[in-house]
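These notes are about the structure you will find just below.
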Amino acid sequence: MIAAGFSALFLILWAIFAASLSVLRRAVAIAAHRTASLRYKDYLPVAALVVVGAAVALWAGEEFLDIAELVRANNSTLQHVDTFVHDLAVSQRSPSATPFFVAMSFIGSPLVLTIVIVLISALLLFKGRYRWFIYLAGTTGFGALLNLTLKSFFARTRPDLAQRLREAHGYSFPSGHAMGSTIVLGALAYLAFRVLVRWRWKSCALALGLTLILAISSSRIYLGVHWISDVGAGITAGLIWVISTTVAYEASRILKKSPRRVSPGPLGTP
């Protein structure tokens with residue numbers, strides 16, 4: 001039942017991304033046509049990318065700071081929400097749902113994510129995609145260090161050990177699984193978006209990445225090893241980081257490709 005629900009979520013997200021990307025593609029084509037006479041038209045893709053990326057990152061940053069301030073202040077309302085969701089998750093546990101969330105938690109573990117990154121990094125090096133390798137290694141490597149730094153700074157304890165279905169170590173805020181999966185799957189979705197040719201498969205990659213992030217993150221609440229605020233903060237912090245590195249890489253790629261005439265070019269090029 002749970003697996004079917006996330007499968008349905010994936011299909012819904014796929015349809016939404018497919019429709020929105022199609023509209024976005026048309027909008028970009030129209031904008032490029034109407035600005036063809038402008039002297040600095042070649043830099044418009046970079047400007048648009050930076051503006052949109054900065055806007056999303058700032059929004060996510062504000063959300064993270066709001067949660068962080070409540071955590072630092074031991075806000076009673078936040079504690080009530082955390083406790084309510086935690087108790088609700090515990091009450092909804094079932095023999096059919098537990099294996100699914102255990103599997104999702106394992107997929108989002110540092111060990112599995114590290115193995116995936118190592119294998120894909122090796123493939124990128126073998127294919128000579130050195131800039132993609134640097135992007136992936138830098139985004140995920142420094143993202144992991146950022147998560148450890150945030151955990152040490154807030155030093156928040158985990159939920160009661162007696163109600164956990166799985167053992168967990170270290171501090172609770174922000175969730176390492178939520179933040180790590182957001183960064184890793186976000187970076188991989190970007191690379192898949194660049195490699196894949198058809199827009200239907202690009203949107204599929206984005207939908208799959210988001211569905212897995214939500215499944216992995218919700219598993220940590222179900223298993224009782226994180227508060228919902230830990231998970232929310234992990235997703236937003238991961239989103240800030242992966243957007244920042246992706247925008248920086250994409251902007252530098254476009255500018256470096258042709259200093260005289262900048263063009264996004266085919267999405268399959270590094």
How many nm is it between the label spots at residue 11 and residue 65, if each spot is 7 Å from the Cα in line with the beta carbon? 4.2
Using mean Cβ contacts within 10 Å as the protection proxy, how do 58-66, 229-237, 101-109, 208-216 order, highest first? 229-237, 208-216, 101-109, 58-66
Inter-label distance for residue 79 and residue 4, nm, one decimal - labels placed 7 Å from Cα along Cα-to-Cβ: 4.1
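Computed from the coordinates by the stated procedures, all read-outs in this text should not be read as laboratory data. Predicted, not measured: the structure shown is a model, and the values here were computed from it. Don't worry about glycine lacking a Cβ; one is built from the backbone with ideal geometry, like all the others, and counts go over all protein chains shown.
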